[in-house]
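A.B. asks: Questions regarding the structure given below will be posed in turn.
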Amino acid sequence: MPISDAQQAIWDIVKKIPVGRVSSYGRVAYFAGYPQHARMVGRALRIAPDHLLLPWHRVVNAKGQISFPVGSEQAELQKDKLQTEGVVFLSGRIDLERYAWLGPLDSDLWRM
DNA sequence: GCACTGACTCCCA
DNA sequence: ATGGGAGCCAGTG
């Protein structure tokens with residue numbers, strides 16, 4: 001399996017994350033068919049061409065935190081985008097119990 | 001080819 | 001809650 005296929009698979013999964021929901025690098029890797037390859041997701045997103053219009057901001061780490069240095073321009077941008085979609089941050093973290101996307105088969109129902 | 005670096009995770013002290 | 005260390009592997013120099 002060429003690496004380009006893995007990147008494509010990852011991008012496809014990310015595109016499926018619904019507005020207002022989030023997923024983690026590890027979960028995206030898992031759904032894309034590459035379990036144990038969270039770092040690969042980070043790389044794939046970093047090199048993703050802009051024209052794909054990926055909702056990259058909906059991917060956070062397993063702790064529900066943004067993986068950019070706090071205060072960095074990128075971290076602020078991601079946080080803004082998420083808050084605009086209604087995602088709430090509590091002391092720098094997202095409540096994954098409430099906002100985590102459960103995968104391609106998730107019914108997209110809002111849990112509360 | 002070797003060493004180092006991450007948009008990571010898990011596990012354990 | 002928090003920090004350190006190991007496993008991970010494609011890029012980069």
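Bear in mind that the values in this text are calculations on the coordinates, not laboratory data. In this text, all values refer to a predicted model and were calculated from it rather than measured experimentally. All Cβ positions, glycine included, derive from the backbone under ideal geometry; neighbour counts span all protein chains shown.
A.B. asks: Identify all residues within segment A:1-14 that are part of a helix (DSSP H, G or I) and either farther than 14 Å from A:Asp106 by Cβ or within 12 Å of DNA strand B (Cβ to nearest atom) (or both); write none if there are none.
C.D. replies: Answer for segment A:1-14, where residues must be part of a helix (DSSP H, G or I) and either farther than 14 Å from A:Asp106 by Cβ or within 12 Å of DNA strand B (Cβ to nearest atom) (or both): A:Ile3, A:Ser4, A:Asp5, A:Ala6, A:Gln7, A:Gln8, A:Ala9, A:Ile10, A:Trp11, A:Asp12, A:Val14.
A.B. asks: A further question follows. Within segment A:31-42, work out how many residues are within 9 Å of DNA strand B (Cβ to nearest atom) and over 12 Å from A:Gln8 (Cα atoms).
C.D. replies: Qualifying residue count for the region: 5.
A.B. asks: Let me ask something additional. Looking only at segment A:28-51, count every residue that is assigned to a loop (DSSP other than H, G, I, E, B), within 13 Å of DNA strand C (Cβ to nearest atom) and surrounded by fewer than 11 Cβ atoms within 10 Å (Cβ to Cβ) and tell me the total.
C.D. replies: 1
A.B. asks: Are any of the residues in segment A:73-86 farther than 28 Å from A:Asp5 by Cα, under 14 Å from the mean Cα position of the chain (by Cα), in a loop (DSSP other than H, G, I, E, B) and not small (Gly, Ala, Ser)?
C.D. replies: Within segment A:73-86, one or more residues are farther than 28 Å from A:Asp5 by Cα, under 14 Å from the mean Cα position of the chain (by Cα), in a loop (DSSP other than H, G, I, E, B) and not small (Gly, Ala, Ser).
A.B. asks: Give the residues of segment A:81-108 that are closer than 17 Å to A:Ile17 by Cβ and of a type in the set (D, E, K, R), sorted by residue number.
C.D. replies: A:Lys81, A:Glu85, A:Asp95, A:Glu97, A:Arg98, A:Asp106, A:Asp108
A.B. asks: In this structure, does A:Gly26 turn out to be small (Gly, Ala, Ser) and either touching a Pro at 6+ places or on another chain (Cβ under 9 Å) or without any contact (Cβ under 8 Å) to a residue 40 or more places away in the chain (or both)?
C.D. replies: Yes: the conditions hold for A:Gly26.
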